[in-house]
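The values are calculated or read from the model by the stated rules, or taken from the named source; none is laboratory data. Computed from a prediction, not measured in an experiment: that's the story for all the values here. Note that we place each Cβ from the backbone using ideal geometry, even for glycine, and neighbour counts take in every protein chain shown.
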Amino acid sequence: MKVLLLGSGGREHALALALSRSASLTQLFILPGNDGMAREGQLVSGIALADHAAILDLCRTEAIDLVVVGPEAPLVAGLADDLAAAGFAVFGPSKAAAQLEGSKDFTKSVCVAAGIPTAAYATFTDHAGALAYLREKGAPIVVKYDGLMAGKGVTVAASLAEAEEAIAALYANEPAAKVVIEEMMEGEEASFFCLIDGETVVPFGSAQDHKRVFDGDKGPNTGGMGAYSPAPVFTGALEAETLARIILPTAREMVRRGMPYRGVLFAGLMLTSEGPKLIEYNCRFGDPECQALMLRFEGDLVQVLHAAATGALDRVSVTLAASHAVGVVMAARGYPGDYAKGSVIRGLDKAGTLPGVTIFHAGTKAVGGEVTSHGGRVLTVAATGTTLREARDRAYAAVDAIDWPEGFCRRDIAARGLARLGQG
Ligand code: AMP
Ligand code: GLY
């Protein structure tokens with residue numbers, strides 16, 4: 001099969017690597033990709049992901065059998081609908097189904113309709129109404145902007161003043177902003193991934209990430225500074241409960257609404273004393289969770305994603321190795337704020353040959369035979385191991401073999417999982 005992969009981050013590099021190892025792959029195109037993934041497929045440049053007509057032309061010219069969409073923005077913009085209308089198989093939900101990520105209010109309505117456990121909430125489009133509800137409920141409380149904000153639209157407010165400030169900022173920016181206010185849930189967070197082809201749901205493993213930029217969960221939120229899979233807290237019993245009470249009811253409700261979900265559904269869960277509750281959905285793999293998951297995936301990813309795209313998931317099996325995988329993000333100093341581009345990264349070849357190690361590129365550029373930084377999150381240095389500790393130690397051994405003074409990483413990736421397993 002000829003596959004077109006869309007996206008350019010570490011997540012897409014991990015997908016590219018797993019796709020490139022599939023027996024059923026004949027050719028892989030990556031749009032736009034980055035220089036670090038040129039070994040895995042043929043990079044295509046000069047087409048914006050927002051240019052659906054140009055992507056359709058490319059699919060026709062190259063007779064693409066499967067389009068795999070990495071990031072959420074093209075899905076929320078309806079790219080999967082346009083591709084499907086032209087007869088192409090696409091891994092990724094329709095615009096309507098991608099509302100599960102694009103609109104928190106939509107997801108909450110699905111939860112209410114299907115009886116899915118989640119935080120109690122109310123939605124507002126006016127500042128006064130939102131304030132009145134806040135004051136009635138009191139702190140702690142959570143304020144969310146209803147739309148794609150790359151993880152920056154959420155305030156978990158410990159005090160009423162903090163919540164009022166968050167609301168004021170949202171309404172100052174947009175007078176009729178849609179804002180979801182919800183109860184604060186307590187517990188440990190875990191991420192759970194499932195492939196869905198409309199009716200059939202196939203688990204694709206769990207992970208935990210590290211959203212804050214500095215060790216000990218300090219500093220501002222980022223896209224994710226590291227991840228590990230599986231999440232030790234997410235036991236088989238919790239997985240079964242999550243499937244039965246959260247994921248399957250969601251898939252059924254989406255079918256009932258005439259907008260069947262196809263693609264990967266990424267559930268952000270809070271494991272509370274009352275059981276797993278849904279925090280949010282994403283309509284894509286996580287980055288860097290995907291890097292850890294793909295290192296554990298065994299099998300033909302092209303075949304599996306094609307099955308998800310064409311309603312044939314009941315005919316394939318998905319196996320993740322019993323190993324552990326850890327991914328450590330190396331970012332440019334200054335990220336998630338301002339950072340410089342163009343510094344040289346050395347030692348990647350040596351680091352990449354250490355036992356169990358794979359280095360995924362997110363923001364690199366080849367300049368005169370050298371690898372240079374070209375983004376905020378630049379690399380995910382990942383490793384597998386038979387224990388979480390071995391995977392963590394291998395990943396950091398590779399980090400230490402990389403010579404990049406202008407970069408940094410967290411040193412405590414997987415610490416929570418190690419503590420739970422008594423491997424800390
Ligand atoms: P979201 O973008 O909805 O995933 O929210 C980002 C982060 O905010 C989550 O990963 C949680 O850490 C936190 N969060 C969101 N909603 C809640 C909630 N209702 N209770 C506690 N923490 C939350
Ligand atoms: N690492 C979190 C995400 O991809 O949303």
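Those residues that are closer than 18 Å to residue 333 by Cβ and in a helix (DSSP H, G or I), I need them from region 383-422; list them, please.
399, 400
In this structure, does residue 164 turn out to be crowded, with 16+ Cβ neighbours inside 10 Å and within 14 Å of residue 284 (Cα to Cα)?
Here the answer is no, as residue 164 does not meet what is asked.
Looking at region 176-218, which of the residues that are near ligand 1 (Cβ under 10 Å from one of its atoms), hydrophobic (A, V, I, L, M, F, W, C) and not in a strand (DSSP E or B) is surrounded by the most Cβ atoms within 10 Å (Cβ to Cβ)?
It comes out as 185.
Test of understanding: among 155, 107, which residue is assigned to a strand (DSSP E or B) and either within 16 Å of ligand 1 (Cβ to nearest atom) or closer than 30 Å to residue 2 by Cβ (or both)?
Selected residue: 155, the only one of 155, 107 that is assigned to a strand (DSSP E or B) and either within 16 Å of ligand 1 (Cβ to nearest atom) or closer than 30 Å to residue 2 by Cβ (or both).
Between a first residue in region 280-291 that is more than 13 Å from ligand 1 (Cβ to nearest atom) and part of a loop (DSSP other than H, G, I, E, B) and a second residue that is among the β-branched types (Val, Ile, Thr) and modelled with pLDDT of 95 or more, which pairs have beta carbons less than 6 Å apart while being 6 or more apart in sequence or on different chains?
285/264; 288/329; 288/380
Restricting to region 194-244, and then to whatever is out of contact with any Gly (no Cβ under 7 Å at 6 or more places or on another chain) and of a type in the set (D, E, K, R), can you tell me which residue is nearest to residue 311 (Cα to Cα)?
Taking the candidates together, the pick is 199.
Go over the candidates 335, 281 one by one and state the one that is over 25 Å from residue 32 (Cβ atoms), crowded, with 22+ Cβ neighbours inside 10 Å and under 21 Å from the mean Cα position of the chain (by Cα).
Sole residue among the options that is over 25 Å from residue 32 (Cβ atoms), crowded, with 22+ Cβ neighbours inside 10 Å and under 21 Å from the mean Cα position of the chain (by Cα): 281.
Kindly indicate whether any position in region 27-43 is at pLDDT 95 or above, surrounded by 16 or more Cβ atoms within 10 Å (Cβ to Cβ) and under 18 Å from residue 308 (Cβ atoms).
Yes, the conditions are met somewhere in region 27-43.
Taking the condition of being of a type in the set (A, V, I, L, M, F, W, C) and more than 13 Å from ligand 2 (Cβ to nearest atom), how many residues in region 214-230 meet it?
Residues meeting the conditions: 1.
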